[in-house]
Structure formats: C-alpha cells, structure tokens
Ligand code: ADP
Ligand code: MG
C-alpha cells in the first residue's frame, strides 16, 4: 500500500505540474547534493537564429549558406532549422543533397553535387581532424565570447565558412540557480556545445561546474563521475541525447516539452516546462518526507 502522506503529496505534486513516475526518486530529491542541467532548451530557450557568418576568401557567402542549408535539409536539430531559415530569408537557391547522415553530438553530413559536405561544431572538427583557418579564428572567438554557438561548413576536407547562432538564457534560469544554492545544492551544466558558449552561460548564471563539448554517449558518464564523488545527483534535460544521463541520475527530471525518449527515461516530469519546478520538486520532497520520520 502507498503510505497516505506520499499519496497525498504525489497528487499535490501533480497539481503543481510535477508528475512522479518513481516515488523513490521523489523521496531522494530532498537529499540531492548536485543538480546537472542540460543547457540548450533547458537553461536556454533553445531558439537559435543565425546572427553572423564568416566565409574564407574567394568563396561566395551566399553559396556557402545555401550549401549549409542543403546539408541540414534532413535534420530536426535547432541549428539545422536556424540555418534553413537564414537561407530562406536571404533568398538563396538551396541545391539538392543526398545521403544524409546525422553525426550525433557533432553535426551532419550529406553529398551535394557528388561532393562530401559537413556542417557541425568543434566536436565535428575534432572528428575530421580539421582546424579553423586563421582568417576565421577571430570571428569564432568573438562569437564564443558572446555565448553564440558556431558551426562550420566543410566541403571535401576544406573549411569554407562559419555561422554564429544566438540562443537566449531563459529568464527563470537565474532564479533557479540562486534558489538551488540557497538550498545548499551544487549546480552543474552539461552540454554538447563548445566550451566558450558553455562558460559564457555558466558565468552569467553563476553555475558551479561546467561540462562542455560532451558527446551524447558520454553524458551519462559525467553524471556517474559526480556519483563516484559520493554525491546524490539530479539531472534535468529535454533531448534524446539526455536520456542515458536521466536514467543514470539518482533523480532524472524531464522538461515536459521534451522528446518522448527523455520523458520515458525520467523519474519525474515537469509538465509546465518551467525550470523553477525543479526547486518546487526539492521543496515538496523535503516537506513530504520530513513528516514521515
Ligand atoms: P546539446 O548538448 O546542447 O543539446 P547536441 O548534443 O544536440 O547539443 O549538439 C552538440 C553540438 O553538436 C552542437 O552544439 C553543434 O556544434 C553540433 N551539432 C549537433 N547537431 C548539429 C546539426 N544538425 N548541425 C550542425 N551542428 C550540429
Ligand atoms: Mg538539449
């Protein structure tokens, strides 16, 4: 039988838009030492618009944007949507592409006019063993300092252009970090995005620990590392990429607007898509289980 006080508080949680799938996790929430947040779409709005472009000398800027949009044609990623929208706004002719392939946590590749073209971030460049050319370096540095995500266009091993995209920090994120600190909980951020962007967002929010350029398959390892330090760890995320980390965490928390996979991997679901509900969850757990002792 479900103890009465738990039943009452689970329904109280539900009324607050907090769906509890695992009651043990709900009980653990009051003892969390550390909460790890996914960055994009959780702490930030996750709406990237292209705000800048740099192209290597001798290459046409519109042509590279069109090429990037072609390669991104098949991707659902927010970055892909932003690039397609920019191409649309600039009115460029997007060529046909085939053999699309998503490189998880890195970018995308496709074939255009029989040539192999990639679009992706620093993780992609590592993978291709490609470097940012000197003439694009200051563009990339400036974008990074402004917390803009940069992706690169590489055709047949040649890096042709860089695109900077802006995301905005969610208004509530400031209050969430402050409130968790007040509760004595350490706040960490986990992202596949570049170190520059991650640090800029973390500085702005006062986040304690940053894990950046983490590949999707390594996100759960990061949670495990914190657990190995003896910490009880919560994880908040929305994406397919976050699912293993949500499963690994002592308390996996999915943002309700997230993907089905994230929601199914979580112990708790925040229906209202408000990160402030993470704080409410901890407080509700404390209030509920104190009464039982
Ligand atoms: P996050 O952890 O922020 O949710 P992802 O794991 O989805 O990020 O992506 C990590 C990084 O991989 C992005 O910041 C970007 O550099 C690159 N990337 C992923 N998908 C794409 C794409 N469709 N186009 C370009 N770059 C991409
Ligand atoms: Mg995400």
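Scan segment 69-101 for residues that are modelled with pLDDT under 95 and in a strand (DSSP E or B) and the total you get is 0.
Can you tell me which residue among 80, 86 is in contact with a helix residue (DSSP H, G or I) (Cβ under 8 Å, 6 or more places away or on another chain) and either closer than 30 Å to residue 186 by Cβ or in contact (Cβ under 8 Å) with a residue 40 or more places away in the chain (or both)?
Details: 80 fails: either closer than 30 Å to residue 186 by Cβ or in contact (Cβ under 8 Å) with a residue 40 or more places away in the chain (or both).
It is 86.
Only residues that are over 21 Å from the mean Cα position of the chain (by Cα) and either buried (at least 19 other Cβ atoms within 10 Å of the Cβ) or within 30 Å of residue 174 (Cα to Cα) (or both) were counted in segment 74-90, giving 2. Among residues of segment 166-189 being modelled with pLDDT of 95 or more and within 14 Å of ligand 2 (Cβ to nearest atom), the one that is nearest to residue 283 (Cα to Cα) is 173.
Would you pick out the residues in segment 264-279 that are within 14 Å of residue 234 (Cα to Cα) and assigned to a helix (DSSP H, G or I)? Break it down stepwise before answering.
Applying the first criterion (within 14 Å of residue 234 (Cα to Cα)) to segment 264-279 yields 265-270, 275, 277-279.
Once the filter is applied, which keeps residues that are within 14 Å of residue 234 (Cα to Cα) and assigned to a helix (DSSP H, G or I), segment 264-279 yields 265, 277, 278, 279.
Residue count for segment 264-291, restricted to those that are out of contact with any strand residue (DSSP E or B) (no Cβ under 8 Å at 6 or more places or on another chain) and within 12 Å of residue 20 (Cα to Cα): 2.
Hey, could you check segment 220-243 for residues that are assigned to a helix (DSSP H, G or I) and touching a residue at least 60 places away in the same chain (Cβ under 8 Å) and say which is farthest from ligand 1 (Cβ to nearest atom)? Across segment 220-243, the extreme among qualifying residues is 226.
Residues of segment 141-182 that are under 20 Å from the mean Cα position of the chain (by Cα) and free of Cβ contacts under 8 Å to residues at least 60 places away in the same chain: 144, 145, 146, 147, 150, 152, 171, 174, 177. Count of segment 178-197 residues, restricted to those that are assigned to a helix (DSSP H, G or I) and surrounded by fewer than 24 Cβ atoms within 10 Å (Cβ to Cβ), is 7.
Which residues, taken from segment 206-226, are away from ligand 2 (no atom under 16 Å from the Cβ) and either in contact with a helix residue (DSSP H, G or I) (Cβ under 8 Å, 6 or more places away or on another chain) or under 20 Å from residue 147 (Cβ atoms) (or both)? Before the answer, list the steps.
Step one: filter segment 206-226 for residues away from ligand 2 (no atom under 16 Å from the Cβ), giving 206, 208-209, 221, 224-226.
Within segment 206-226, 206, 208, 209, 224 qualify.
Do you know which residues across segment 244-263 are in contact with a strand residue (DSSP E or B) (Cβ under 8 Å, 6 or more places away or on another chain), within 14 Å of ligand 1 (Cβ to nearest atom) and either free of Cβ contacts under 8 Å to residues at least 24 places away in the same chain or assigned to a loop (DSSP other than H, G, I, E, B) (or both)? Walk me through how you get there before you give the answer.
In the first step, residues of segment 244-263 are kept if they are in contact with a strand residue (DSSP E or B) (Cβ under 8 Å, 6 or more places away or on another chain); the result is 245-246, 248-256, 258, 262-263.
If we keep only those that are within 14 Å of ligand 1 (Cβ to nearest atom) too, we end up with 245-246, 254-255, 258, 262.
Once the filter is applied, which keeps residues that are in contact with a strand residue (DSSP E or B) (Cβ under 8 Å, 6 or more places away or on another chain), within 14 Å of ligand 1 (Cβ to nearest atom) and either free of Cβ contacts under 8 Å to residues at least 24 places away in the same chain or assigned to a loop (DSSP other than H, G, I, E, B) (or both), segment 244-263 yields 246, 254, 258.
The values are calculated or read from the model by the stated rules, or taken from the named source; none is laboratory data. For clarity, every value in this text was computed on a predicted model and none was experimentally measured. Please note: Cβ atoms are built from the backbone with ideal geometry, for glycine as well, and neighbour counts cover all protein chains shown.
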